1. Between 230, 236, which is within 23 Å of residue 132 (Cα to Cα), within 16 Å of the ligand (Cβ to nearest atom) and in contact with a strand residue (DSSP E or B) (Cβ under 6 Å, 6 or more places away or on another chain)?
2. Here is a list of conditions, (1) outside any strand (DSSP E or B); (2) more than 14 Å from the chain's Cα centre (by Cα), and residue 187 meets all of them except one; can you say which number that is?
3. Among the residues of the range 190-224, count how many are in contact with a Leu (Cβ under 9 Å, 6 or more places away or on another chain) and in a strand (DSSP E or B).
4. Could you please find all residues in the range 253-283 being under 17 Å from residue 85 (Cα atoms), more than 16 Å from the ligand (Cβ to nearest atom) and assigned to a loop (DSSP other than H, G, I, E, B)?
5. Among the candidates 141, 134, 91, which residue alone is in a loop (DSSP other than H, G, I, E, B), within 16 Å of the ligand (Cβ to nearest atom) and modelled with pLDDT under 90?
6. Residues that are over 19 Å from residue 232 (Cα atoms) and more than 14 Å from the ligand (Cβ to nearest atom): does the range 145-165 have at least one?
Amino acid sequence: MIPLLLVPVAWMPTRAAERTVTVTTAPSPNNARTTTDTADDCAGRRYGARCLPPPRCARDELDLDGLCVPTGAAMEEDRSASLETNAHVDRAGRRVVYEHLPRRPELPADYDRYVYPVEPWGGHTVTSGYDLDRRDEAQRRGQTLRAVGHGGVDLPQERGAPVRVVSLRGEVGEPEVVFAGELFGNTVVLRHVVREGAALQTYLALHGHLQSIATEAVKGVTVRPGATIGFVGDSGALGVVHLHYEVRLVRQGVDPMRVEPAQSLVGQEVSVPCDPRNVLPFR
Ligand SMILES: [Zn+2]
């Protein structure tokens, strides 16, 4: 129910076809979630002010919530190329080109396989899925929508239901509140740091259309998985009570804590939409 802020970018080729991977089980995380640090304890694993936990998987493996998936040179190459370009024609007839991260083909397509910030409601998890990877005509649009395409998922729930912090797969440490206020209605944006193979990626998770924001959700605060950050509502989507949950990959070199105004967090120069199935934990 929200507009995407999109700017034109250069055209890029699309990714390679599906592949098969085998998985092994990771050993239990050792000393995971450690956030205190001293120079000596960090053993070279430092991200900003944080001391990172030891990796659970080998350097050439992808940590999928404890499953170590071999990546190999081919996937290393794919990871850097996995940012795809798509386009649509907006209601004013303009062709809008954007980059985004489609679902990794090795991950389940079924939305019910994943954990979300709200409980399933009436047997449903997702009522409107990610569609930026579809061809233009198949992307969501409607008379009342100002924008084309949907870069997140819409989760049905009752008004006032708690919205809880979800720890992403491969997350390092705990997420931080980047923004709490008016964006897509009342919105809380969290910053997640995720280990992908040998690399660390920063994602934003947007929780939109909240009835209200929890008093604990303040910019700069670290929030624990399971903590309540707000309550489901229809702010900015009058009459349609649901949670809009959107995950965005932050571009390299951008510190989202310093981005002002908040609307710029969802600008293509700061972050690009990502299929949330790439990072949500499995049920
Ligand atoms: Zn939505």
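1. Answer to the selection: 236.
2. Of the numbered conditions (1) outside any strand (DSSP E or B); (2) more than 14 Å from the chain's Cα centre (by Cα), the odd one out for residue 187 is (1).
3. Count: 18.
4. Listed by number, the residues that qualify are 267, 268, 269, 270.
5. That would be 141, the only listed residue that is in a loop (DSSP other than H, G, I, E, B), within 16 Å of the ligand (Cβ to nearest atom) and modelled with pLDDT under 90.
6. Checked the range 145-165: no residue is over 19 Å from residue 232 (Cα atoms) and more than 14 Å from the ligand (Cβ to nearest atom).
The values are calculated or read from the model by the stated rules, or taken from the named source; none is laboratory data. Predicted model only: the values in this text are computed from it and were never measured. Cβ coordinates were reconstructed from backbone atoms using ideal geometry, including for glycine residues, and neighbour counts include every protein chain displayed.
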